[in-house]
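The values are calculated or read from the model by the stated rules, or taken from the named source; none is laboratory data. Because the structure is a prediction, the values reported are computed rather than measured. Backbone-built Cβ (ideal geometry, glycine too); neighbour counts: all protein chains shown. These accessible areas exclude ligands, DNA and RNA; they are computed on the full protein's heavy atoms, side chains included. Shrake-Rupley method; radii C 1.70, N 1.55, O 1.52, S 1.80 Å.
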Amino acid sequence: MTGEDDAGYVPPEEAVHIRTTEQLRAVNNLVRHRVLAVLRDGPATITQIADRLDLAKGSSSYHVRVLERAGLVHVVRTRQVRGVIERYYAHVARRIDLPEPVGGERDVLLQHAVADLATAPDDAPRYVRMQHTRLADAQFAEFERRLGELLDELRDARDADAPAATVAVAFFRPGPGAAR
């Protein structure tokens, strides 16, 4: 989810596993998803987050507090600016592991990905594709493994100076009523 920033911050944990209702509510919100995306680039203040997301500082502060209470972000440094203590927030882990959605529930990651895709400028490069196929269980497992490796490679190739890019993958066996 995040790497080392210019100041040398590296999240202390490899992963945080979402287990509580409070954590689920925290990551289920699109604004907080975007706050977490800002923090992928390294520690930031409430003001910096607000500016990047075009939010009011009060709104930015609220969403960061929710993420902090859920154990997803924490204060990594402070500094005094004109008599005010400025706090820099960052991820507590390199990645956030979500539980599998329960049948009938919407998938939070895909909902956020679709919302973020809608914000992409018309002239921005994009690749959107849907593929239906039929695979034996062994083929399914092998393709899932290869997808995971490719996504890990993409994460590890991160260049903090390059423009942002997002990949959303859903590889699944459809249920009744879906295209089959």
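Would you kindly find the accessible area of residue 105, with a 1.4 Å probe and non-protein molecules such as ligands, DNA and RNA excluded, rounding to the nearest 10 Å²?
Using a 1.4 Å probe on the heavy atoms, I get roughly 120 Å².
For Cα extents along the principal axes in Å, which listed value, [x] 64, 34, 34; [y] 72, 42, 31; [z] 55, 40, 30, comes from the coordinates shown?
[x]
Report for the chain the percent antiparallel among DSSP-assigned beta bridges with both residues inside it, nearest 5.
70
So what is the 222 nm mean residue ellipticity for the chain from helices alone, if each DSSP H run of at least 4 adds -39500 (n - 2.57) and you divide by all residues, rounding to the nearest 500 deg cm²/dmol?
-12000 deg cm²/dmol
Express in nm, to one decimal, how much length is gained between residue 10 and residue 53 on full extension, taking 0.36 nm for each residue of separation and deducting their alpha carbon distance.
Stretched out fully, the residue 10 to residue 53 stretch lengthens by 13.2 nm.
How would 117, 109 line up by accessible area, probe 1.4 Å, largest first?
The ranking, largest first, comes out as 109, 117.
Between residue 79 and residue 132, with labels modelled 7 Å along Cα→Cβ, what's the label distance in nm to one decimal, could you check?
5.6
Under unit Cβ charges (Lys, Arg +1; Asp, Glu -1), what dipole magnitude, rounded to 20 debye, does the chain have relative to its Cα centre?
620
Sorted by accessible area (1.4 Å probe), largest first, how do 151, 39 line up?
Largest accessible area first, the residues go 151, 39.
Would you mind finding the longest exposed-site-free stretch of the chain, with exposed chymotrypsin sites (Phe, Trp or Tyr not before Pro) meaning DSSP loop and at most 15 other Cβ atoms within 10 Å?
With chymotrypsin sites (Phe, Trp or Tyr not before Pro) excluded where exposed in loops, the chain gives 1-126 as its longest stretch.
For residue 106, what accessible surface area do you get with a 1.4 Å probe? Give it in Å², rounded to 10.
130
Once you place label points 7 Å from the Cα toward the Cβ at residue 140 and residue 178, how far apart are they in nm?
1.0
Can you pull the percent of Cα pairs in segment 68-149 with separation above 19 Å?
Looking at segment 68-149, the distances longer than 19 Å represent 70 percent of pairs.
Can you send over the carbon and sulfur percentage of the accessible area for the chain, probe radius 1.4 Å, protein chains only?
51
Taking the simple approach of a point 7 Å from Cα along Cα-to-Cβ for both residue 162 and residue 149, what is their distance in nm?
2.0
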